[in-house]
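Every read-out reported here was derived from the displayed coordinates using simple, explicitly stated rules and does not represent laboratory data. Since this is a predicted model, take the numbers as computed values, not measurements. Cβ coordinates were reconstructed from backbone atoms using ideal geometry, including for glycine residues, and neighbour counts include every protein chain displayed.
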């Protein structure tokens, strides 16, 4: 029988009460998933929808939602871009503001009206909507400057005192802000140093400064000795060796940093309305390390944006309240909140006060100012880094409070969920806080497309049972208007292998006209980051193939529960960068999957061992791996000992780690002695660092997918018990190969039985797999994958096939296999000399069809999307012009004619061939285009061919063929890069000219030979 799409339908019931998403963020949540062929809005990808400001045309907003749905989006993420905040003024993001933000500011009535329009359009279209909690990146809202929830900074001051000298004076900096603490210390060495910073992305700027060593034993907290007027009286010892003493003083105050500029200091070309209250005065960055910061956001929403009708609309179609990555470091010298000292002591058992000078050794983040030109370290073995780590640990705890407050409000107030890009770019343990939000989100840009980075992010989310691990996908430097579909597809596949299962594409700008803007329309980030999806792109008409493919991949990646072979211990105190933590390729070459967990994740309910498996109801890890250079925590080691005694295989790779991450006078000896004792257990192993995969195999620890191939194949495993189905996403990564290269053959032995099927995410088809070998516990399937090609294997565990024998191998030229209700296989195969092998040892020779026929004598009509005569007046309308070329063979447009070098648009190819072939027999044929450089859609005799996999564009056209002449039409669509080469210096968005690099010339069109490949159909009865 033909397998129905219910194979890939999870058992979860449809959500009751309309489209509203319930607040269950766990795997197997009770929502409408749809089917594999047609996933629901909850499962489909979305676009980040950039609104310039609230002055835009609301009918256009409504239509933007409609045309996004038309191409397969499940919803949009509403974001008031506001020229990237237009703050600080020296940052040329979006140019001068061309409208009155005193009227159209984020949070004012105009913005609320726009939000309501977006919500109603979402509801009318059967979509869902994410929404940023504030303008720009969602990190702030309008607020009074002295509100306790506004972002804080800590100001450092110091003064030198000679050895044996006296300080009797008012503390340096007194009055700068609210006094926090004072301390003293003996400087034992000092030297010149040079530091750099890029405040607000200006720079780098280089600073002359000093590097100073403090005697740890000399450090003293003298806060209690400071009187109410700021005076301190101290005499310092003279019988010490050193350079000098320092008196340090610290004061906290609110940062004045804005998430969106105020009309009072706006870079603008039009008069701004008078500012009469804080709601009209821009948006202030909130404190991201307190409940007060989160409450400042939620209170604003409750008071200014959520009347009864709007609140109900959010309950109906609101999906995620959302905040972008935290990039607010330019607004403070140091991450700070008034409760930090108390939290620090509660979590570490000692006071931070006397160690505060040390924490200025790091800038807040890449766009932060220089924390201090004079940096202080201690003479301890680690130069005081353990105290800094403890400070970062306190930040992690406090940021968790912020995240959990927003999560709870989203659920309680809006019956929605909360998503955030958690902790990366910052000095916090990202893994510790990922579980604190409903939908943790990462990004392809910040994670640099690195699979290992995604694994770090996803490990804690999967352990916490999160249904969604989201990614802001597609932002790429210097790729605006030149990013291709295969690039996006490559990014999606690498993300899925890292357990990311939802994609919000970056991005989809407002499609209407905007002041001081030219064709091709309103664009964000001053043309420096990709991409600007939408009808301005020639590809938009064909975007549904890509969006439907993404939806089906997400459907599988959101089904059931992920199962991962190995987990690495990973305690990192900062994630300024998310880089690979395991560099060798041996694990993935062998087929092992792996993730990372921080010991801070071990408190989660599913972090337990049963039958020698860690997290049996989640990833079901087979072993936990630590490396010699890992840093430890006392609570983490305590849990590690429990796991070891419960039978979990624990592997020390390269040796046993020795060091704690934080300052603990007794903890180091405890963890060293405890781990030394633990290594005596039979399930605890010390192995060399090199060839970890081989060591694991020798210990009897094997992957769920044992890969034998001539390239690296990645796998991602989902177990859906409700549907009695296992899904495995398989990917041949050819990042190191040119287009069309990287073909790989091999096989995978899956730790799964049942009836295997192949789910085609491009067409939605689900077909039985003909060739495999199966034992009582495993199934081996041979595969051939083009470079960067993926496939989805599904095992249906509640089905059996009755047959005395079965196929174990088919030739590589097999184009399809179907199974009738009576148990007869129909095998479609091309020109091959290899037989079809059966499990009983029989080798069946297949009939030889006619040879492939290369199509020639093409007519190409190029529909050029030219700049309009008036770039600004017609900013949303290209000037279309057609030209025709008769070509005998296929080659890039810029090789066909110099006239096509700077042309973008669509290409309409047509030719014909005669059927049946005169030089042999055939029962049908496939159309083979080779790899696609961007998009391609084909018709044969007026019948649209199913969507192509761009890595290996092949489609069965047997049912479309007629005797005699057969017409082939293929339409390709390009980027806008080539045409923008002619005008990029004249292009502007909101008055700002193109700040990215000059667009590069790209190859467009069909660049590989197109062939008709005949096949013969062979019936094989195996019952």
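Structural remarks
- The modelled label-to-label distance between residue 986 and residue 869, using points 7 Å beyond Cα along the C-beta direction, is 1.3 nm.
- Mean-position separation - Cα centroids, segment 245-279 and segment 546-603, in angstrom: 41
- Over all directions, the projected convex hull of the C-alpha atoms in segment 500-584 averages 9.8 nm² in area.
- Gyration tensor (alpha-carbon) shape descriptor, segment 519-568, a/c threshold 1.5: oblate
- Cα-only Debye scattering, segment 328-433: base-10 log of I(q)/I(0) at q = 0.11, 0.16, 0.17, 0.18 Å⁻¹: -0.40, -0.78, -0.86, -0.94
- Gain in span if fully extended, residue 638 to residue 58, counting 0.36 nm per residue against the direct Cα distance: 203.0 nm
- Angle in degrees between helix 291-300 and the longest Cα principal axis of the chain, rounded to the nearest 10: 60
- Between residue 450 and residue 303, the modelled label-to-label distance comes to 4.3 nm, taking each label 7 Å out from Cα in the direction of the beta carbon.
- Global form of segment 562-692, assessed from the alpha-carbon gyration tensor, a/c cut-off 1.5: rounded
- Neighbour counts of C-beta atoms inside 10 Å place 383, 577, 276 in the sequence 276, 577, 383, starting with the fewest.
- Cα convex hull, segment 712-830: 120 Å³ per residue, rounded to a whole number.
- Distance cut-off 50 Å, percentage of C-alpha pairs in the chain lying past it: 28
- Cβ-derived FRET efficiency at R0 35 Å, residue 679 paired with residue 243, nearest 0.05: 0.15
- Whole-angstrom Cα spans of segment 923-1013 along principal axes, big to small: 60, 21, 18
- Over the C-alpha atoms of segment 853-1016, the Rg to Rh ratio, Rh being the Kirkwood estimate, stands at 1.07.
- Stokes-Einstein D in µm²/s, Kirkwood radius over Cα pairs - segment 123-202 at 20 °C with 1.002 mPa s viscosity: 114
- Rounded, prolate or oblate (a/c below 1.5 giving rounded, otherwise prolate when a/b exceeds b/c) for segment 605-655 by Cα gyration tensor: prolate
- In terms of packing, defined here as the mean over residues of other Cβ atoms within 10 angstrom, the peptides 433-440, 126-133 line up highest first as 433-440, 126-133.
- The value obtained for segment 437-550, namely the Cα convex hull volume divided by the number of residues, is 113 Å³ per residue.
- Relative packing of peptides 50-59, 770-779 - highest average C-beta neighbours within 10 Å first: 50-59, 770-779
- Fewest neighbouring Cβ atoms within 10 Å first, the residues 314, 250, 602 line up as 602, 314, 250.
- Compared with the dominant Cα axis of the chain, that is its longest principal axis, helix 451-463 is turned about 80°.
- With a cut-off of 14 Å on the backbone N, the residues of segment 630-645 near the modelled label site 7 Å out from residue 670 along Cα-Cβ are 632-642.
- Ascending count of other beta-carbon atoms within 10 Å, so fewest first, for 593, 737: 737, 593
- R0 of 45 Å, Cβ-Cβ distance residue 822-residue 315: FRET efficiency to nearest 0.05: 0.30
- Burial ranking of peptide ranges 921-929, 135-143, 786-794 (average Cβ count within 10 Å, highest at the top): 135-143, 786-794, 921-929
- Antiparallel DSSP beta bridges within the chain, percent to nearest 5: 75
- Scaling the Cα radius of gyration of segment 393-494 by the globular reference 2.2 N^0.38 Å produces a ratio of 1.17.
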